[in-house]
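Here the structure comes first, spelled out in C-alpha cells, and everything after it is commentary.
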C-alpha cells in the first residue's frame, strides 16, 4: 500500500516541478534589469560586475536517459567563462533519482566518485548522495585559473556514465558563452 503511494507522490512531485518551474522562469527570477546580457535560457551575465549566472538543471529531457545537464551529456555542451569572473549557478534536480554537480580539473578516466572541486564553492551539497527530485542548491565561485574543466554529477558512477559537460575558464574570452 505504501509503495504505490510513494511512487505516485514521486511522480506528482516531478510533474509539479516540471510544470511550475520551467527553466526560463527559474533563470529569470534573479536577473537584474539594468545591464544584464542574456546568452541563452541557461546563462546571462552582468558585464560591469563580471558575474555570470547559470541555470543548471539535472535531467532536462531524455538525453542519455536523463543523465544530463540542461539536456546535454558526454561533453555535448561547453560553458565558457572569462578568467577571474564570478560564477553563480543555480542547480535543480528534475529527475526522479538523486543527482549533484561538481566542477573538477580535466581528467581521464572520469572519477567514479569525484571528491575535490576545482574551485572553492564549485559543488552542490550532499555530493555523493545527491539532491532529490525538485531540490536545489547554489554554486558560487571565482573562475580562475584559466584551463579546461569538467562539470559532472558527483553521485557514484553518474559522471563516467555520461553525466558531464565542459566548463572552460578562458584567458582570452571577453564575455561568457554557452554552446550546445
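The values are calculated or read from the model by the stated rules, or taken from the named source; none is laboratory data. All of these numbers come straight from a predicted model, not from anything done at the bench. Neighbour counts run over all protein chains shown; Cβ positions are idealised from the backbone, glycine included.
Go through the residues of the stretch 63-81 one by one and say whether even a single one is modelled with pLDDT under 95 and either within 24 Å of residue 172 (Cα to Cα) or part of a strand (DSSP E or B) (or both).
no
Take the conditions closer than 16 Å to residue 177 by Cβ, surrounded by 13 or more Cβ atoms within 10 Å (Cβ to Cβ) and modelled with pLDDT under 95 and apply them to residue 23. Does it pass? Before you say what the answer is, go through the steps one by one.
On the way: closer than 16 Å to residue 177 by Cβ: no; surrounded by 13 or more Cβ atoms within 10 Å (Cβ to Cβ): yes; modelled with pLDDT under 95: yes.
Against the criterion (closer than 16 Å to residue 177 by Cβ, surrounded by 13 or more Cβ atoms within 10 Å (Cβ to Cβ) and modelled with pLDDT under 95), residue 23 does not qualify.
When you check residue 28 against the structure, is it within 22 Å of residue 153 (Cα to Cα), at pLDDT below 95 and out of contact with any helix residue (DSSP H, G or I) (no Cβ under 7 Å at 6 or more places or on another chain), yes or no?
Details: within 22 Å of residue 153 (Cα to Cα): no; at pLDDT below 95: yes; out of contact with any helix residue (DSSP H, G or I) (no Cβ under 7 Å at 6 or more places or on another chain): yes.
Criteria not met by residue 28.
Can you name every residue in the stretch 96-109 that is surrounded by fewer than 24 Cβ atoms within 10 Å (Cβ to Cβ) and in a loop (DSSP other than H, G, I, E, B)?
96, 97, 98, 106, 107, 108, 109 - these are the residues of the stretch 96-109 that are surrounded by fewer than 24 Cβ atoms within 10 Å (Cβ to Cβ) and in a loop (DSSP other than H, G, I, E, B).
How many residues does the stretch 74-91 contain that are surrounded by 24 or more Cβ atoms within 10 Å (Cβ to Cβ) and closer than 24 Å to residue 160 by Cβ? If you could, list the steps in order and put the result at the bottom.
We begin by selecting, within the stretch 74-91, every residue surrounded by 24 or more Cβ atoms within 10 Å (Cβ to Cβ); these are 79, 81, 89.
After this cut, where a residue has to be closer than 24 Å to residue 160 by Cβ as well, the list is 79, 89.
Within the stretch 74-91, residues that are surrounded by 24 or more Cβ atoms within 10 Å (Cβ to Cβ) and closer than 24 Å to residue 160 by Cβ number 2.
Residues in the stretch 136-151: is at least one touching a helix residue (DSSP H, G or I) at 6+ places or on another chain (Cβ under 9 Å), buried (at least 23 other Cβ atoms within 10 Å of the Cβ) and not in a strand (DSSP E or B)?
The first filter runs over the stretch 136-151 and keeps only residues touching a helix residue (DSSP H, G or I) at 6+ places or on another chain (Cβ under 9 Å), leaving 136.
Checking the rest, the ones that are also buried (at least 23 other Cβ atoms within 10 Å of the Cβ) come to none.
For the stretch 136-151, residues touching a helix residue (DSSP H, G or I) at 6+ places or on another chain (Cβ under 9 Å), buried (at least 23 other Cβ atoms within 10 Å of the Cβ) and not in a strand (DSSP E or B): absent.
Can you pull out every residue in the stretch 35-58 that is outside any strand (DSSP E or B) and surrounded by fewer than 18 Cβ atoms within 10 Å (Cβ to Cβ)? Talk me through it step by step, then tell me what you get.
Taking the stretch 35-58 and keeping what is outside any strand (DSSP E or B), we get 35-36, 41-42, 47-50.
Residues satisfying the conditions are 35, 36, 41, 47, 48, 49, 50.
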